[in-house]
Amino acid sequence: MRAVGQPRRELILEAARRLFHHYGPTKTTVADIAREAKVAVGTVYLEFSSKNALLEALSRLAHERVLQVEARALAAEGDPAERLTRALDARLAAFLELSGTVHGPQLFHCTKAAGIRNAHGWFRAREVELFATFLVRQAEAFALGDLAPKDAAGALLAAYAELAPPLLFAQRRDGLRARQAAMHRLVLRGLQR
């Protein structure tokens, strides 16, 4: 039910999120979303030019939440390697929490939906920038040599690719945190001088 003063766009996104998590992005129609949001189909199109645009907006919101937890962990007090560890742990936890349902992972990486692919590409670029900025600010703590910070950040995140979409969602969840801890010992301690 629509809360008093709840913006129409937010209402539609919330209805879409519920349906996508239950039925998946490809099986949910704009008419389904309108019915769930208790608005007319035309109202959905007033807010979003297409279902693809709605998927992209919803996927970006989920990806932004991951970026926010990473940024908070990187900005916290502590040893730079510990902050990277906390950021990558927070990233894994956010992906797992936000994916939550059978179809939830599709909002992070769905090859059938261009909007989700666009949002994921946008996320990856922003994430590399976030980690590169951190590495620049903590340059004295890490042995980057002549490696550019963006390249170092890209390599660091590539090392953790198994623990991020889409590979993350193709594996069993038990043992993920232990694998991540092993990655921290190998990669992050190796990154320090």
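Annotation: Arg8 carries an accessible surface of approximately 90 Å², with a 1.4 Å probe and no ligand, DNA or RNA atoms counted. Solvent exposure of Arg177, expressed as accessible area, is near 140 Å², computed with a probe of 1.4 Å over the protein chains only. For the chain, the relative contact order comes to 20 percent (Cα pairs under 8 Å, sequence separation of at least 6). Return the label of the correct value of Cα extents along the principal axes in Å, as calculated from the structure shown, out of [x] 63, 39, 35; [y] 56, 37, 30; [z] 60, 32, 29. Only one option fits the structure, namely [z]. Counting only protein heavy atoms and using a 1.4 Å probe, the accessible area of Asp79 comes to about 60 Å².
Solvent-accessible surface of protein heavy atoms, probed at 1.4 angstrom with all chains present, puts Arg35, Arg65 in the order Arg35, Arg65, largest first. Look at the Cα gyration tensor of segment 94-193: its axes a ≥ b ≥ c give a/c of at least 1.5 with a/b at or below b/c, and that counts as oblate. The share of C-alpha pairs in segment 134-175 whose separation exceeds 16 Å stands at 48 percent. Heavy atoms of the protein chains alone define the surface here; on that basis segment 78-193 has 51 Å² accessible area per residue at 1.4 Å probe size. Ordered by solvent-accessible area of protein heavy atoms (1.4 Å probe), largest first, the residues Ser99, Ser49 come out as Ser49, Ser99.
The values are calculated or read from the model by the stated rules, or taken from the named source; none is laboratory data. Here the structure is a predicted model, which means the values were calculated and not measured. The area values use the complete protein model at the heavy-atom level, side chains included, leaving out ligands, DNA and RNA. Shrake-Rupley method; radii C 1.70, N 1.55, O 1.52, S 1.80 Å.
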